[in-house]
Amino acid sequence: MEVINEKEKIRELIKEAMRMREFSYTPYSHFRVGAALLAKSGAVYGGCNIENAAYSPTNCAERTAFFKAVSEGEKKFSMIAVAGGAETAKNLGYCSPCGVCRQVMMEFCNPQEFMVIMAKNEEEYKVMSLAELVPEGFGPGNLG
């Protein structure tokens, strides 16, 4: 069995997020985002942003990946890679998940353990815990 170190795992997730970015449907903002979500089972779920003329039905790449995973029975996750920028950008900047996506992450992830990778490319990226992105976050644990 091949052992993959964390840096290699991160690069593979970034590569998948970049690939998923190409599937974005962004006729209004022209801002393409791709995401790759790693489940604790080892499965990877990709997602892209999908816009809608009515705007509010638009879905972010991160939520697309989470909803695909949950609809397939996954509910435990380790990390997500996010890559985004203008469709004409030669170089990407860091793309951080929006508040709604962060809240979805709070529903399914341990904030101290779940890592969010914001990537410009496979070599330049930031890694933050969900707890760092959502200090004093509200999740299922707050209800019981």
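The values are calculated or read from the model by the stated rules, or taken from the named source; none is laboratory data. In this text, all values refer to a predicted model and were calculated from it rather than measured experimentally. Positions of Cβ are backbone-derived with ideal geometry, glycine not excepted, and every protein chain shown enters the neighbour counts.
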Yes/no for Ala43 being at pLDDT 95 or above and touching a strand residue (DSSP E or B) at 6+ places or on another chain (Cβ under 8 Å): no
Consider Gly85 carefully, then state whether it is in contact with a Ser or Thr (Cβ under 8 Å, 6 or more places away or on another chain), closer than 12 Å to Arg21 by Cα and either in contact (Cβ under 8 Å) with a residue 60 or more places away in the chain or among the small types (Gly, Ala, Ser) (or both). no
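Would you say Glu62 is in contact with a helix residue (DSSP H, G or I) (Cβ under 8 Å, 6 or more places away or on another chain), at negative phi and among the acidic types (Asp, Glu)?
yes
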Considering the stretch 7-50 alone, what residues qualify as being under 21 Å from Gly93 (Cβ atoms), surrounded by fewer than 19 Cβ atoms within 10 Å (Cβ to Cβ) and among the acidic types (Asp, Glu)? Glu22
If the requirement is being in contact with a Leu (Cβ under 6 Å, 6 or more places away or on another chain) and either among the hydroxyl-bearing types (Ser, Thr, Tyr) or at pLDDT 95 or above (or both), which of these qualifies: Ser78, Ser29, Ser71, Ser24? Ser78
For the stretch 81-104, name all the residues that are surrounded by 13 or more Cβ atoms within 10 Å (Cβ to Cβ), of a type in the set (A, V, I, L, M) and more than 21 Å from Lys120 (Cβ to Cβ). Val104
Determine if the stretch 109-122 includes at least one residue that is in contact (Cβ under 8 Å) with a residue 40 or more places away in the chain and surrounded by fewer than 19 Cβ atoms within 10 Å (Cβ to Cβ). yes
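Each row is one residue, and each column tells you yes or no for (1) without any contact (Cβ under 8 Å) to a residue 60 or more places away in the chain; (2) over 19 Å from Phe108 (Cβ atoms); (3) among the hydroxyl-bearing types (Ser, Thr, Tyr).
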| position | (1), (2), (3) |
| --- | --- |
| Glu8 | yes, yes, no |
| Tyr28 | yes, yes, yes |
| Ala54 | yes, yes, no |
| Thr64 | yes, no, yes |
Within the stretch 20-36, track down each residue that is among the small types (Gly, Ala, Ser) and under 10 Å from Gly47 (Cβ atoms). Ser24, Gly34, Ala35, Ala36
